[in-house]
1. Search the structure for amide H atoms under 5 Å from the amide H of Ser337, placed 1.01 Å from N in the peptide plane, and list their residues when 5 or more places away or on another chain.
2. What residues qualify as long-range amide H neighbours of Lys211, i.e. H under 5 Å apart, gap of 5 or more or another chain, H built at 1.01 Å from N?
3. For the full complex of protein chains and a 1.4 angstrom probe, list Ser260, Ser225, Ser453 by accessible area with the highest value first.
4. Between Thr280 and Ala430, how high is the FRET efficiency from 1/(1 + (r/R0)^6) when r is the Cβ-Cβ distance and R₀ = 35 Å? Nearest 0.05.
5. Which value in nm describes the separation of the simple spin-label points at Asn45 and Asp416, placed 7 Å from the Cα toward the beta carbon?
6. Under a 1.4 angstrom probe, counting protein chains only, how are Ser283, Ser212 ranked by accessible area, largest first?
7. Quick check: pseudo-label points 7 Å beyond the Cα along Cα→Cβ at Asn447 and His229, how many nm apart are they?
8. Karplus couplings for segment 34-45 from phi (6.51 cos²θ - 1.76 cosθ + 1.60, θ = phi - 60°), rounded to Hz, Gly and Pro as x?
Amino acid sequence: MNLFNKLLLLLLPTAATSVQGQDWPIHYLRTDLIDAWTRGGDLDNDGDPDILVQAGDSILWYENNYPDEWAPHLVDPHFYNSTYGYVELFDLDADGDLDVIQNPIYQKGEDSLSWNENLGEGASWEKHFITKSSYFFAWMQSSYGDLDGDGDIDIVVGEQDTYPSPLGVLYWLENEGDGGWAKHDLDTGYYWFSTVADIDGDQDPDIIVSKSDVFWLENTLPDTSWTFHLIAEGSPSSNFSNVAGNCADMDNDGDQDVVSAFNANGDLVYYENPDWIKRTIFSQGTVLYVCEFGDPDGDGDLDVPYGGAGGENIPWGWVENPETVWGWSPHPIAPSSTLQQIPNTFADIDGDGDEDLVSLSFDPNTGFGAALWAENPLLSSTHSVPVDPANALIAVSPNPSNGQSLIQYQLLEPGDIELTIYNCLGEQLAILDSGWKPIGNYTATWNASEVPSGSYLLCLTLNGKPLVQRLSLIND
């Protein structure tokens with residue numbers, strides 16, 4: 001197999017029923033964490049992503065000096081009683097840098113929901129207290145948005161207790177702009193996660209919530225009624241959606257869909273807006289975690305990272321978006337483990353042009369964890385060989401196709417070309433054109449009426465360098 005074909009295999013999607021492992025080198029930032037959490041983001045505004053780490057009762061950020069060592073910087077030495085607490089990165093004061101929000105759990109003593117204001121490139125921080133908890137167990141993850149349209153960021157959060165019975169309240173905290181926060185109750189119940197997104201396309205943010213059901217609350221402010229809309233019914237403890245990206249346009253139709261992990265059988269699904277048809281992404285058979293979505297394969301659509309909640313021997317990785325309603329392909333990137341494997345953020349850590357994955361590995365039995373990032377090999381492996389976009393262009397129509405595809409390509413320099421179709425196993429299906437060509441515009445057709453539905457790659461090589469275009473078939 002030549003070098004190009006080897007590299008091509010890294011870009012090819014798996015078949016709908018297969019699982020393709022990938023060699024993502026794992027880089028450990030720290031392995032001695034207690035009660036840990038991680039997030040990725042550019043805290044010093046220098047153009048590369050750093051990593052925020054909760055380490056016991058302290059919060060630090062690690063400055064990205066890749067390929068040299070990471071430099072630790074203290075944010076807050078007093079994140080009190082932070083076992084299983086959450087730390088988030090968000091520009092809460094809208095001043096252009098990332099702040100740190102703290103949601104502590106299992107409080108004793110100082111137990112306020114609080115945030116650390118970034119006073120400039122991560123060099124110094126000022127702590128601000130938001131509100132005290134009414135319960136022992138305290139806050140779940142927060143979500144953020146300008147709910148009242150006054151130009152500042154508000155917070156949505158669930159507050160709960162576990163003893164003697166599950167109880168709690170979901171509310172939003174109105175940012176009053178002077179350091180004060182006004183609390184507005186939304187609903188009572190044992191909530192896990194929320195997110196803020198414009199579900200109905202009316203240009204104001206709504207609130208998506210999960211507990212036993214998944215639903216959304218329509219923003220009708222200044223009317224405070226918050227109209228309830230059911231997305232999916234569930235039994236107690238059957239659904240949870242991760243706050244850090246559970247609402248996104250998964251099918252590229254211009255509206256916000258809702259992603260949820262279905263605990264009852266380990267399904268990861270999304271509900272298609274507006275009819276809320278359930279589309280299965282991935283079924284693992286145990287509790288899954290998801291995080292911010294990203295595009296690790298660089299094909300322009302959103303893919304979904306996943307990890308296990310611990311106790312079950314499962315891998316962690318990402319699920320490839322097939323650009324259709326079926327055929328999502330899981331790609332494990334690390335060996336199976338009984339540890340909690342919690343992916344957190346897609347970010348280009350090493351600056352090679354593709355999205356790596358910041359993650360956390362955690363032992364729920366001992367409380368020890370590790371902060372790490374997984375290096376994406378998919379796109380960076382081809383950096384030395386692709387066609388310069390200034391020298392060739394390629395387009396396919398229609399895409400997806402029902403069997404007959406028109407390929408148009410333009411050469412802006414002369415040379416030897418080959419136009420080839422590959423299947424999901426990297427096998428060559430057809431050579432549509434080849435030979436020496438002068439500068440100009442060319443067309444070719446691919447009759448794939450007898451080819452199974454799925455994802456394929458159209459590859460134009462110009463003077464030995466590839467230009468790759470994904471092609472989808474939906475044959476009846």
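1. Ile314
2. Residues meeting the criterion, in which the H sits 1.01 Å from N, do not exist here.
3. The ranking, largest first, comes out as Ser225, Ser453, Ser260.
4. Calculated transfer efficiency: 0.65.
5. 5.2 nm
6. Ser283, Ser212
7. If labels sit at Asn447 and His229, their model points lie 4.7 nm apart.
8. 10, 6, 9, 7, 9, 8, x, x, 8, 7, 9, 6
The values are calculated or read from the model by the stated rules, or taken from the named source; none is laboratory data. Given the structure is predicted, the values throughout are model-derived calculations rather than measurements. Ideal geometry is used to build each Cβ from the backbone, glycine not excepted, and the neighbour counts take in all protein chains shown. To get the accessible areas, we keep the full protein, side chains included, count just its heavy atoms, and leave off ligands, DNA and RNA. Shrake-Rupley method; radii C 1.70, N 1.55, O 1.52, S 1.80 Å.
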